[in-house]
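Here's the structure we're looking at; comments come further down.
The values are calculated or read from the model by the stated rules, or taken from the named source; none is laboratory data. In this text, all values refer to a predicted model and were calculated from it rather than measured experimentally. Here Cβ is always computed from backbone atoms with ideal geometry, including for glycine, and neighbour counts include all displayed protein chains. Keep in mind that these areas ignore ligands, DNA and RNA; they rest on the heavy atoms of the full protein, side chains included. Shrake-Rupley method; radii C 1.70, N 1.55, O 1.52, S 1.80 Å.
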Amino acid sequence: MSSRYLARRIFQALITIAFILVLNFFLFRLMPGSPERVLTRNPNISAETKQQLKAKWGLDKPLFPDQFIAYIESTAQGDLGLSFKYRGEPVTEVLGDRIWPTIILFGLGELIAVVVGLGLGAYAGWKRGGSVDYMGNGLSLVLYSTPYFVIGMFLLVIFATALGWFPTNGMLTVGATYDSFWERLQDFGSHLFLPLVTVSIGLIGLYSILMRSSIIETLAEDYVQTARAKGLKDSRVLRDHALPNALLPAVTIVALQLGYVIAGAITAEIVFNWPGLGTLTVDALAARDYPVLQGIFLLLAISVVLANLAADILYGRLDPRVRV
């Protein structure tokens, strides 16, 4: 891969991140309500104390340019500010406590969805017109059109409430004591199962539909027909010729869907009260906690930008035409 291609992609990613920083500052300040109400809930608070609180969080200065410049400088140094709701706790610590549950839920869900969805789509496209194709494509369309919260509520009602097989909320049983690490891991797994299935099911349909379409299009190419004419086995034609080229669009779509995947994972977190960034976002919105909201938005937005950058680089290695 040429250094020029790589430098251009990195430069575009940096410009996008710079725009995100500007948008991140003004977006939440356009929301109705004021963070001062959170800081000064006591109606008997003195004007002097109120002014001290505003000064502590930098709210006593003009929005632009003072607060804006301070925000850019502190963010560049890795300081995302102090939380309003959590009474001065650094935003980085607040996010640090919640990010790992989301990464576990999202990472495992994405991995399962990619493997199952792409595999199902590739097989359905290879067997186009057969019963497997009709059943697989029909199921994929249903899953793709069903919102995450509907899937989550359905699983919650059936398997948690009615059958009682899994816990209804949280990441661990409240107040539970564990005799061993494996006992704790088992409890964690039982809480993780339904949210994980929700996220995975919500993505399998999309990846399956995409891969089926890509496989069908690839099978019509001349090089695939030539491979078949040479007498190669169907399994080898699929593995060595059709599948590698059909995966190219999937690489881009998986990266582009990252933002939507995170949004879906957040919805699943709310349904199952999973203690990740989703529930933190809802709490921060209710409290007008601008620093936490800015931190979440910045973290998610940069994650999407970096995922797209990785997709561009990977796509450039898979398809030499892109680098030209």
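Worth a mention:
- Inter-site label distance for Ile99 and Val115 at 7 Å from Cα along Cβ, in nm: 2.6 nm
- Separation in nanometres of the label points that stand 7 Å from Cα toward Cβ, at Gln225 and Phe297: 5.3 nm
- Here r is the Cβ-Cβ distance between Ser131 and Trp165 and R0 is 35 Å; the resulting FRET efficiency, rounded to 0.05, is 0.65.
- Based on alpha carbons, the Rg and Dmax found for the stretch 84-164 are 19.0, 61 Å.
- Probe 1.4 Å, all protein chains present, accessible-area order of Lys127, Lys61, largest first: Lys61, Lys127
- Label sites at Phe181 and Leu27, each approximated as a point 7 angstrom past Cα along Cα to Cβ, lie 3.9 nm apart.
- Global size of the stretch 181-246: 19.5, 57 Å for Rg and Dmax (C-alpha atoms, Rg to one decimal, Dmax whole).
- Calculated Rg and Dmax of the stretch 140-249 using C-alpha coordinates, Å: 21.5, 66
- Solvent exposure, largest accessible area first (probe 1.4 Å, DNA, RNA and ligands not counted), of Trp274, Trp165, Trp126: Trp165, Trp126, Trp274
- Computed from the Cβ-Cβ distance with R0 of 45 Å, the FRET efficiency linking Phe188 to Phe19 stands at 0.70.
- Potential lengthening of the chain between Ala286 and Glu89 amounts to 69.2 nm, from the contour at 0.36 nm per residue minus the alpha-carbon distance.
- From most to least packed by mean Cβ count within 10 Å, the peptides 243-251, 178-186 give 243-251, 178-186.
- The stretch 268-307: C-alpha gyration tensor shape, a/c 1.5 cut-off, then a/b vs b/c: oblate
- From the alpha carbon centroid of the stretch 215-246 to that of the stretch 136-211 is 37 Å.
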